[in-house]
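Engineer: Starting off with a structure, shown below.
The values are calculated or read from the model by the stated rules, or taken from the named source; none is laboratory data. Just so it is clear, the structure is predicted and the values come from calculations on it, not from any experiment. Note: ideal-geometry Cβ built from the backbone for every residue, glycine included; neighbour counts use all protein chains shown.
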Amino acid sequence: MPTDSLPTFPDVEAAAAVVAQHAHRTPVLRSRRLDALAGCQIHLKAEHLQRVGAFKFRGAITALSALDAGQQRAGVVAFSSGNHAQAIALAARELGIRAVIVMPHDAPAQKVAATQGYGAEVVRYDRYTQDREQIATTLAAERGLSVIPPYDHPQVIAGQGTAVMELLEDVGELDVIVTPLGGGGLLSGSILAAGALAPQARVYGVEPAAGDDGVRSLRAGRIVTIETPRTLADGAQTTHLGHLTFPIIRDGVTDLVTATDDELVQTMRVLASDLKQVIEPTGALALAAVLSGAVPDTAGTRVGVVLTGGNIDLSRFAELVGAP
Ligand SMILES: *Cc1c(COP(=O)(O)O)cnc(C)c1O
């Protein structure tokens, strides 16, 4: 498939075959206390327990598997604030492909170390002044590498869609499906999966309140670009949706809503104390919006929520969750 064509559900099904060979089939977590708190039945797809600690491994292994032999021999380059980087690094190692990762100077130390630990070469940049896509494009041209973007890529979208596909296979019908929204790879893949397997379900994406470019884009009917938002949700600090993810979201999403940093921390606390799960701030976006009521009309319904990642320095986690 050319890298500029819109993926469809059969691409998610094809991705599922690749993902099943390499990724964990993550569990779906339930909690009576959480259901009582939320006033609905919540099914948590535990992607913080995925390999590399985030769903991004799904898209990475799908995209790298789709490269031809020559492209695999030459290697790949990716730009990311962290989880996509680790995912590409591990997927590349698994498939015997060389990987270069362009990461911001202020990326969490654990994410940089993990990426290097998987054997990737890390090139640093300043996220507030430099354009990471340009750096990656230059490296690609110099070294003949394939650029694997974090969300605007058909196989990445298809791979991310396998999380909600598995969720629906495991729990059956859902009334509402909620995922975090950064660049929209996960949400657009989820829309493809839900459209085929749960066409009656409402699907919501949740952005950080400080970075609501998706909400604005949906209202404007075109991709709106914002300044790099300052939010705890570093995995959703994107400035714009993609040319592939935007039309899928525009045509398939029920609505986009937001969660504040305070709501993210409160949700991380609930997940730690009631479910004993360590979730990074971005990973808590979807549940935070259900608990705050930003996702409308959930009372008494069956709600699927993707917990997307758990990569956070333990000291940082303690600082956030332990504070009164
Ligand atoms: C990347 C990421 C997101 C956002 O995913 P997109 O596909 O960019 O919308 C959400 N949560 C975590 C933990 C992530 O790493």
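Engineer: Filter segment 156-190 down to the residues that are over 17 Å from Glu47 (Cα atoms) and within 13 Å of the ligand (Cβ to nearest atom) and list them by number.
Structural biologist: Gly183, the sole residue that qualifies.
Engineer: In addition: Would you confirm whether any residue within segment 55-66 is under 17 Å from the mean Cα position of the chain (by Cα), closer than 27 Å to Glu133 by Cα and part of a strand (DSSP E or B)?
Structural biologist: No, segment 55-66 contains no residue that is under 17 Å from the mean Cα position of the chain (by Cα), closer than 27 Å to Glu133 by Cα and part of a strand (DSSP E or B).
Matching residues to (1) over 13 Å from Ser146 (Cα atoms); (2) touching a residue at least 24 places away in the same chain (Cβ under 8 Å); (3) out of contact with any helix residue (DSSP H, G or I) (no Cβ under 8 Å at 6 or more places or on another chain):
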| site | (1), (2), (3) |
| --- | --- |
| Leu37 | yes, yes, no |
| Thr62 | yes, yes, no |
| Ala74 | no, yes, no |
| Asp106 | yes, no, yes |
| Tyr118 | yes, yes, no |
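Engineer: Among the residues of segment 68-94 satisfying the criterion of being farther than 22 Å from Gln277 by Cα and touching a Ser or Thr at 6+ places or on another chain (Cβ under 6 Å), which is modelled with the lowest pLDDT?
Structural biologist: For segment 68-94, the residue satisfying everything is Ala85.
Engineer: Name the pairs: first residue in segment 202-223 and without any contact (Cβ under 8 Å) to a residue 12 or more places away in the chain, second residue of a type in the set (D, E, K, R) and in a helix (DSSP H, G or I), Cβ to Cβ under 6 Å, at least 6 apart or on different chains?
Structural biologist: none
Engineer: Between residues in segment 298-309 that are closer than 21 Å to Val265 by Cβ and residues that are of a type in the set (D, E, K, R) and assigned to a strand (DSSP E or B), which pairs lie under 9 Å by C-beta distance while being six or more apart or on different chains?
Structural biologist: Val305/Lys45; Val306/Lys45; Leu307/Lys45; Thr308/Lys45
Engineer: OK, next. Suppose we filter segment 67-105 for residues that are assigned to a loop (DSSP other than H, G, I, E, B), small (Gly, Ala, Ser) and more than 16 Å from the ligand (Cβ to nearest atom); how many remain?
Structural biologist: 2
Engineer: Further question on the same structure: Output yes when any residue across segment 262-274 is acidic (Asp, Glu), part of a helix (DSSP H, G or I), farther than 23 Å from Gln110 by Cβ and within 14 Å of the ligand (Cβ to nearest atom), and no when none is.
Structural biologist: No: segment 262-274 contains no residue that is acidic (Asp, Glu), part of a helix (DSSP H, G or I), farther than 23 Å from Gln110 by Cβ and within 14 Å of the ligand (Cβ to nearest atom).
Engineer: Also, quick follow-up: Give just the number: which of (1) closer than 19 Å to Ile42 by Cβ; (2) more than 14 Å from the ligand (Cβ to nearest atom); (3) in contact (Cβ under 8 Å) with a residue 60 or more places away in the chain does Ala194 not satisfy?
Structural biologist: Unmet for Ala194, out of (1) closer than 19 Å to Ile42 by Cβ; (2) more than 14 Å from the ligand (Cβ to nearest atom); (3) in contact (Cβ under 8 Å) with a residue 60 or more places away in the chain: (3).
Engineer: Residues to consider are Ile249, Ile279, Ile226; find the one that is aliphatic (A, V, I, L, M), part of a helix (DSSP H, G or I) and either free of Cβ contacts under 8 Å to residues at least 12 places away in the same chain or within 15 Å of the ligand (Cβ to nearest atom) (or both).
Structural biologist: None of the others qualify; the one that does is Ile249.
Engineer: Let me ask something else about it. When you go through Ala318, Ala284 one by one, which is the residue that is part of a helix (DSSP H, G or I), out of contact with any strand residue (DSSP E or B) (no Cβ under 6 Å at 6 or more places or on another chain) and within 14 Å of the ligand (Cβ to nearest atom)?
Structural biologist: Being part of a helix (DSSP H, G or I), out of contact with any strand residue (DSSP E or B) (no Cβ under 6 Å at 6 or more places or on another chain) and within 14 Å of the ligand (Cβ to nearest atom) holds for just one of Ala318, Ala284, which is Ala284.
Engineer: Restricting to strands (runs of 3 or more DSSP E) lying wholly in segment 106-217: which have 1 or more residues that are surrounded by fewer than 18 Cβ atoms within 10 Å (Cβ to Cβ)?
Structural biologist: Result: 121-125.
Engineer: I would also like to ask the following. Ala20 - would you say it is over 24 Å from Asp313 (Cα atoms) and part of a helix (DSSP H, G or I)?
Structural biologist: The answer is yes for Ala20.
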